[in-house]
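Peer 1: My structure is below; once you've seen it, I'll send some questions.
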Amino acid sequence: MKELFEKLERISKSDSTVLIMGETGTVKEIIARAIHNKSPRKEKNFVAVNCSAIPDTLIESELFGHVKGAFTGAYRERVGKFELAHKGTIFLDEIGDLNHEVQAKLLRVLQEGEIERVGESEPVKVDVRIIATTNKDLNKMVSENKFREDLFYRINVIPVTIPPLRERKSDIPLLIEYFKNKYAPHKNLIFPDKVIKVLQEYNWPGNIRELENLIERLSVLKYENEVKLKDLPFFNTEFEHKEFSFSIPENGISLDEVEKNMIKLALKKANGNQTKAAELLKIPRHILVYRIKKFGLID
C-alpha cells in the first residue's frame with residue numbers, strides 16, 4: 001500500500017487518464033478523489049458517474065447532455081457530466097458496463113477532446129481528466145468483443161490496481177483505528193488480540209467497505225467498550241471459528257479429525273440437510289452419509 005500511495009502522488013501531478021482496477025468495496029472512488037485533490041485541477045469540479053446505475057437509454061444524455069426536444073421527455077436542455085467537469089475531473093465508475101455506442105463516443109472525447117450533446121451535431125470542446133474504474137477483467141471483455149479494444153488502450157494509460165483486503169490483512173488493525181476515530185471518536189472501543197486475530201483470518205468478501213460497516217455498527221450498537229467474538233456477525237461459536245483457521249495445532253491433528261470437523265461444520269451450515277451439506281463439501285450425498293456413519297455423527 002505504501003508503494004501504491006507513492007504511485008498515486010506521482011499520478012496526481014500528471015494529467016493522464018487513469019484506470020483503477022479492484023473488487024467491489026475496495027473504495028476506488030476514494031482513491032480517485034485523492035488523485036483529483038492532489039492534482040492541479042483540485043479547485044475545479046470532481047464529477048462522479050456510476051455507469052452501472054444508469055439505464056442504457058439515459059447514459060448518453062447523462063454523460064454528454066442533450067438539447068430541448070432531442071427525444072421524448074427532453075422538455076429542456078440538459079448539461080452533461082463532461083461539461084460539468086470542464087477543467088476538472090470526471091470519475092467513470094464501472095466503465096465496463098457502458099454499451100458499445102457510448103464507448104465509441106467516449107473514445108472520441110479522449111481522441112478529440114470534444115463531445116456532442118444528444119440532438120445536436122455541433123461539437124463542444126471539453127478539457128477533462130478521466131479517471132475510470134472497473135471490477136471486471138477488461139482484457140477478457142476485449143477478447144469477447146464486449147469492450148472496445150481501442151478504448152481500452154486509451155483509458156489504460158496509467159493502470160492502478162487496488163489489492164483486496166484479504167491480500168493485505170496486516171492493514172486491518174490500522175483500518176480499525178481509522179474507522180474507530182471516524183465513527184466513535186468519544187467511545188473507547190477495545191479490540192482484544194483474539195478478536196483482531198479472527199478479523200485477520202476472515203476473508204472480507206466486501207473488502208474495506210465491509211470492515212467499515214462493521215466498525216460503524218459496533219460504534220452505534222455496542223454498550224460495552226470491549227468488542228467480543230460474539231459481536232462479529234461471521235463468528236457464532238468457537239467451533240465455527242475453525243472455518244477461518246486451518247492451522248495445525250502444536251500437538252498435531254489427524255486427517256480423520258479434520259474431516260470429521262468439516263463434516264460437522266457443513267451439517268451445521270446446512271441446518272442438518274445432508275444433501276445441502278454434501279454440496280458444500282463437493283462430494284456425492286451417499287459418500288457423505290457413509291462418512292457421517294463412520295464418524296458416529298448420527299444417533
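Bear in mind that the values in this text are calculations on the coordinates, not laboratory data. Since the structure is predicted, the reported quantities are computational estimates derived from the model, not experimental observations. Note that we place each Cβ from the backbone using ideal geometry, even for glycine, and neighbour counts take in every protein chain shown.
Peer 1: Taking H as built 1.01 Å from N, whose amide H comes closer than 5 Å to the amide H of ASN45, not counting residues under 5 places away?
Peer 2: GLY88, THR89
Peer 1: Sum up the charges of everything whose Cβ sits under 15 Å from the Cβ of GLU116, counting Lys and Arg as +1 and Asp and Glu as -1, but leave GLU116 out.
Peer 2: Numbers: positive: ARG78, LYS81, LYS105, ARG108, ARG117, LYS125; negative: GLU60, GLU62, GLU77, GLU83, GLU101, GLU112, GLU114, GLU120, GLU122.
Net local charge, GLU116 excluded: -3.
Peer 1: In nm, what is the difference between 0.36 nm times the number of residues separating PHE71 and ASN213 and their Cα-Cα distance?
Peer 2: Values: separation 142, 0.36 × 142 = 51.12 nm, distance 4.16 nm.
Gain in length upon complete extension: 47.0 nm.
Peer 1: Starting from the amide H of PHE295, placed 1.01 Å from N in the peptide plane, find each other amide H under 5 Å away whose residue is 5 or more places distant or on another chain.
Peer 2: For PHE295, no residues qualify.
Peer 1: Right, something else. Cα gyration tensor of region 114-172, axes a ≥ b ≥ c as square roots of the eigenvalues: rounded (a/c below 1.5), prolate (a/b > b/c) or oblate? Don't skip to the answer; put the middle values down first.
Peer 2: Details: a/c = 3.30, a/b = 1.91, b/c = 1.73.
Taking the square roots of the gyration eigenvalues as a ≥ b ≥ c, region 114-172 is prolate.
Peer 1: Let me ask another. Return the single residue from ARG217, ARG148, ARG117 with maximal mean-square fluctuation; model: Gaussian network over the chain, springs between Cα atoms under 10 Å.
Peer 2: ARG217
Peer 1: Here are several values of Cα extents along the principal axes in Å: (1) 48, 41, 40; (2) 51, 48, 36; (3) 79, 50, 37. Which one was derived from the coordinates shown?
Peer 2: Checked against the structure: label (3).
Peer 1: OK, next. What list of ³J(HN,Hα) couplings, whole Hz, do you get for region 265-273 from phi and the Karplus terms 6.51, -1.76, 1.60, once you set θ to phi - 60° and write x for glycine and proline?
Peer 2: Here the 3J(HN,Hα) series is 5, 5, 5, 5, 5, 8, 6, x, 6 Hz.
Peer 1: Expected output is a single nm value to one decimal: the length gained when fully extending between VAL124 and ALA104, i.e. 0.36 nm times separation in residues minus the C-alpha distance. What is it?
Peer 2: Working: separation 20, 0.36 × 20 = 7.20 nm, distance 1.64 nm.
The span from VAL124 to ALA104 would gain 5.6 nm if fully extended.
Peer 1: Can you pull the one-decimal nm distance between simple spin-label points at LYS194 and LYS222, each 7 Å off the Cα toward Cβ?
Peer 2: 1.5
Peer 1: Can you give the FRET efficiency to the nearest 0.05 for MET1 and ALA53, using r as the Cβ-Cβ distance and R₀ = 30 Å? Kindly include the intermediate steps, with their values, before the conclusion.
Peer 2: Working: r = 28 Å, r/R0 = 0.95.
Step by step, r from the Cβ atoms, then E = 0.60.
Peer 1: For ILE20, list long-range residues whose amide hydrogen, built 1.01 Å from N in the peptide plane, is under 5 Å from its own amide hydrogen.
Peer 2: Here ALA132, THR133, THR134, VAL160 satisfy the definition.
Peer 1: In whole Hz, what ³J(HN,Hα) sequence does region 274-280 give by Karplus (6.51, -1.76, 1.60; θ = phi - 60°), x for Gly and Pro?
Peer 2: So the Karplus estimates, Gly and Pro as x, are 5, 5, 5, 4, 5, 5, 4 Hz.
Peer 1: Okay, moving on. Normalised by the number of residues in the chain, what is the relative contact order in percent for Cα pairs under 8 Å and 6+ residues apart? The partial results should precede the final answer.
Peer 2: On the way: 399 pairs, mean separation 53.0, N = 299.
It comes to 18 percent, rounded to a whole number.
Peer 1: Please build a GNM for the chain, connecting alpha carbons under 10 Å apart, and tell me which residue among GLU83, GLU259, GLU177 fluctuates the most.
Peer 2: Looking only at GLU83, GLU259, GLU177, the largest GNM fluctuation is found for GLU259.
Peer 1: Let me have the relative contact order for region 113-214, percent, based on Cα pairs under 8 Å that are six or more residues apart.
Peer 2: 19
Peer 1: Another question about this same structure. Antiparallel DSSP bridges in region 60-166: what percent, to the nearest 5?
Peer 2: Working: 3 of 8 bridges.
Bridges in region 60-166 are about 40 percent antiparallel.
Peer 1: With a/c under 1.5 counting as rounded, go ahead and sort region 86-131 into rounded, prolate or oblate using the C-alpha gyration tensor (a ≥ b ≥ c being the square roots of the eigenvalues; past the cut-off, prolate if a/b is larger than b/c, else oblate). Walk me through the numbers before you get to the answer.
Peer 2: Details: a/c = 2.03, a/b = 1.13, b/c = 1.80.
In terms of gyration-tensor shape, oblate.
Peer 1: Continuing with this model, one more query. Counting only DSSP beta bridges with both residues in the chain, what percent are antiparallel, rounded to the nearest 5? Working shown, then result.
Peer 2: On the way: 3 of 22 bridges.
If I count the DSSP bridges inside the chain, around 15 percent turn out antiparallel.
Peer 1: Follow-up question, since we're still on this one. With θ taken as phi - 60° and the coefficients 6.51, -1.76 and 1.60, list the Karplus ³J(HN,Hα) couplings across region 32-42 in order, rounded to whole Hz; mark glycine and proline as x.
Peer 2: With coefficients 6.51, -1.76 and 1.60, one gets 4, 5, 5, 4, 5, 5, 9, 9, x, 8, 4 Hz.
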